[in-house]
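Below is one structure, written out as structure tokens; the observations come after it.
The values are calculated or read from the model by the stated rules, or taken from the named source; none is laboratory data. Treat the numbers as computed from the prediction; the structure is a model and nothing was measured. Quick reminder, even Gly has a Cβ in these numbers, built from the backbone with ideal geometry, and neighbours come from all protein chains shown. Just so you know, the surface numbers come from the protein's heavy atoms only, side chains and all, with ligands and any DNA or RNA stripped out. Shrake-Rupley method; radii C 1.70, N 1.55, O 1.52, S 1.80 Å.
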Amino acid sequence: MNIQQNLSVIQTNISEACKKKNRNPEDVKVIAVTKYVSTETAIKAVKSGVSHIGENRPEGLKEKYNVLGRDVTWHFIGSLQSRKVKEILPYVDYIHSLDRLSLAKEIDKRADRVIDCFVQVNVSGEETKHGMPAETTLSFVDKMREYPNIRIVGLMAMAPNTEEEETLRSVFSTLKQLQNDIQAKHYDFAPCKELSMGMSNDYEIAVQEGATFVRIGTSLVGKEF
């Protein structure tokens, strides 16, 4: 597994996707998803040029943070139980999975600083996916004015596991439109400038549709367990 080579390929693909839409490739950040790899592999990723790490579990986040510390930007990208909030807050820079009021209340209560959050949206409506329905996202974001320790920096979505480009593009473009609708409100507490969407199998389409963060695991760092 040559992570440096993988990262180079991914960055080239991102550049090509950006070129098609007249975007600046520097506006797209790669998050290395390290859920299925060891701390040693995460260290190799950072040495290879990765500067953003994404973890799905509080235990994995803490374990890798204890080794890498503030050398990287930390993203919690998994479904987050309210009772686990206090475990991750000391370590995270971004939470990608804010999807309900009870979680917002817990983050706001436990935080000792403003936490940058993405609202997770279940655009496709799949029962197996976490996230709120697209139609309730605007009203949910509006409620975030009540929580001074939360800043909505963007939206996050997971596309269906399909190779149908039209389906993928529809999900990503819907999230982009939601972002536009929120930005039109000019909320101080919800600048919503970021879009976290796109994984190993669909990140190029996501970038074409406006992704600013792509979450890539297998095709970047592999899978060890």
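Filter segment 60-74 for residues that are open to solvent by less than 90 Å² (accessible area, probe 1.4 Å) and either of a type in the set (D, E, K, R) or out of contact with any Phe, Trp or Tyr (no Cβ under 7 Å at 6 or more places or on another chain) (or both); which is nearest to K86 (Cα to Cα)? Checking each candidate, the answer is G60. Taking the criterion of being outside any helix (DSSP H, G or I), out of contact with any Gly (no Cβ under 8 Å at 6 or more places or on another chain) and of a type in the set (D, E, K, R), the residues of segment 96-120 that qualify are R100, D112, R113, D116. If the condition is being in contact with a Gly (Cβ under 7 Å, 6 or more places away or on another chain), part of a loop (DSSP other than H, G, I, E, B) and within 13 Å of V153 (Cα to Cα), then segment 182-210 contributes C192, K193.
If the requirement is being buried (at least 21 other Cβ atoms within 10 Å of the Cβ) and within 13 Å of the chain's Cα centre (by Cα), which of these qualifies: V33, V37? Result: V33 is the single residue among V33, V37 that is buried (at least 21 other Cβ atoms within 10 Å of the Cβ) and within 13 Å of the chain's Cα centre (by Cα). The condition of being surrounded by 13 or more Cβ atoms within 10 Å (Cβ to Cβ), without any contact (Cβ under 8 Å) to a residue 40 or more places away in the chain and not in a strand (DSSP E or B) holds for only one of I43, I53, that being I43.
Evaluate the following for S173: is it under 30 Å from N149 (Cα atoms) and among the hydroxyl-bearing types (S, T, Y)? Here the answer is yes, as S173 does meet what is asked. For segment 61-95, filtering for residues that are in contact with a helix residue (DSSP H, G or I) (Cβ under 9 Å, 6 or more places away or on another chain) and in a helix (DSSP H, G or I) leaves 15.
Listed by first and then second residue, the pairs with beta-carbon distance under 8 Å, at least 6 apart or on different chains, first residue in segment 198-225 and under 20 Å from K176 (Cβ atoms) and without any contact (Cβ under 8 Å) to a residue 12 or more places away in the chain, second assigned to a helix (DSSP H, G or I) and aromatic (F, W, Y), form an empty list. Pairing each residue of segment 83-108 that is over 18 Å from N56 (Cβ atoms) with any residue that is in a loop (DSSP other than H, G, I, E, B), provided the two are 6+ apart or on different chains, yields C-beta distances under 6 Å for A104/Y147; D108/Y147; D108/N149. Taken over segment 157-178, residues that are open to solvent by 30 Å² or more (accessible area, probe 1.4 Å) and assigned to a helix (DSSP H, G or I) amount to 9. Under the condition of being among the acidic types (D, E) and farther than 18 Å from L220 by Cβ, the residues counted in segment 1-29 number 2.
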